[in-house]
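Novice: I am attaching a structure below and will ask some questions about it afterwards.
Just so it is clear, none of the values below were taken in a lab; they were calculated from the coordinates. Just so it is clear, the structure is predicted and the values come from calculations on it, not from any experiment. FYI the Cβ positions are ideal-geometry reconstructions off the backbone, even for glycines, and counts take in every protein chain you see.
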């Protein structure tokens, strides 16, 4: 199933949740990548079930993907997800970043 951006996706909680779930599912099937993410996040494998209910964890997980273009593109190719959909979920959980000239 191909996920795509429709309308104002940054405000679409359901699509952001679906995308975050797809990312977690993909990471779970990529042991090396999941291990890297867990090491960087400090989350232990037994904490994942509870962490998925934390918007901050989801923001960090999506940020992990967005911070490395080859990983983002691997996820998108494997799941048929547009990078724009991941970016919309990232904006949903992380909020908009600083604008030009802002720190």
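Novice: Rounded to the nearest Å, what's the spacing between the alpha carbon centres of the stretch 78-96 and the stretch 7-72? Just the number, please.
Specialist: Cα centroid of the stretch 78-96 versus Cα centroid of the stretch 7-72: 11 Å apart.
Novice: So, R0 is 22 Å and r is the distance between the beta-carbons of residue 77 and residue 13; what FRET efficiency does that work out to, to 0.05?
Specialist: E(calc), rounded to 0.05, equals 0.30.
Novice: So, one more: Assuming R0 = 30 Å, can you tell me the calculated FRET efficiency for the pair residue 94 and residue 38, based on Cβ-Cβ distance, to the nearest 0.05?
Specialist: The value I calculate is 0.95.
Novice: Roughly what would the spin-label model give for residue 49 and residue 30, points 7 Å off Cα along C-beta, in nm?
Specialist: 2.5
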